[in-house]
Amino acid sequence: MNSTLSYSNFWQRRLYEYLHDYHPYMEDNQQDMIDFIVMRADNADKAYVQASDDGKNGLECEDAGYDALFAGLEFSPFFYLIETCVDLYGYEMTKEEALEIYRYQEVKDIFDKYGNDIEGDDKEYQLIEELTPYLKRYDGKGVVNQKFSI
């Protein structure tokens with residue numbers, strides 16, 4: 001598609017910032033991420049206009065835009081790794097550490113297996129058990145445990 005970002009575009013800027021913070025692995029393929037942002041921003045703009053045409057107030061129009069913009073992105077595997085490490089070990093891994101773990105295909109497969117609605121689900125404990133060997137890779141001080149291999 002080869003889209004380009006417009007940082008003056010409200011929807012594009014908001015989604016870029018969100019992806020950077022909660023789905024940074026999407027930055028691994030810059031052009032795919034840009035195409036995704038442009039497409040979603042266009043959808044958000046259309047949803048906003050449609051809500052306005054339907055007689056909604058400004059806040060309702062904005063909500064419609066945000067719903068279209070962030071659809072399916074509410075759950076962040078990347079952020080889940082960081083939060084789970086804090087919960088289990090009291091250690092907040094860095095963004096780089098979480099990205100390193102998330103880039104393992106096995107970890108992506110684990111998240112795919114459980115889906116986006118896992119938080120608070122009965123199977124969340126199983127997800128955490130499967131992620132634990134990858135989280136234990138760090139000793140709680142940000143140092144990679146060289147004795148452990150995945």
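The values are calculated or read from the model by the stated rules, or taken from the named source; none is laboratory data. Just so it is clear, the model here is predicted, and its values are computed rather than measured. In this analysis, Cβ positions are derived from the backbone assuming ideal geometry, glycine residues included, and neighbour counts consider all displayed protein chains. Ligands, DNA and RNA are stripped out before the accessible areas are found, and what is left, the full protein with its side chains, is counted by its heavy atoms. Shrake-Rupley method; radii C 1.70, N 1.55, O 1.52, S 1.80 Å.
For this structure, a couple of remarks:
- The residues on offer are SER8, SER3, and the sole one that is open to solvent by less than 50 Å² (accessible area, probe 1.4 Å) and outside any helix (DSSP H, G or I) is SER3.
- Taken together, GLU92, GLU130 contain a single residue that is farther than 18 Å from GLU17 by Cβ, modelled with pLDDT under 90 and touching a helix residue (DSSP H, G or I) at 6+ places or on another chain (Cβ under 6 Å), which is GLU92.
- For the stretch 37-92, filtering for residues that are part of a helix (DSSP H, G or I) and either out of contact with any Gly (no Cβ under 6 Å at 6 or more places or on another chain) or under 22 Å from GLY115 (Cα atoms) (or both) leaves 39.
Residues checked against (1) open to solvent by less than 40 Å² (accessible area, probe 1.4 Å); (2) under 23 Å from ILE101 (Cα atoms); (3) modelled with pLDDT of 95 or more; (4) of a type in the set (A, V, I, L, M):
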residue: GLU17; (1), (2), (3), (4): no, yes, yes, no
residue: ALA41; (1), (2), (3), (4): yes, no, yes, yes
residue: GLN50; (1), (2), (3), (4): no, no, yes, no
residue: LEU59; (1), (2), (3), (4): no, no, yes, yes
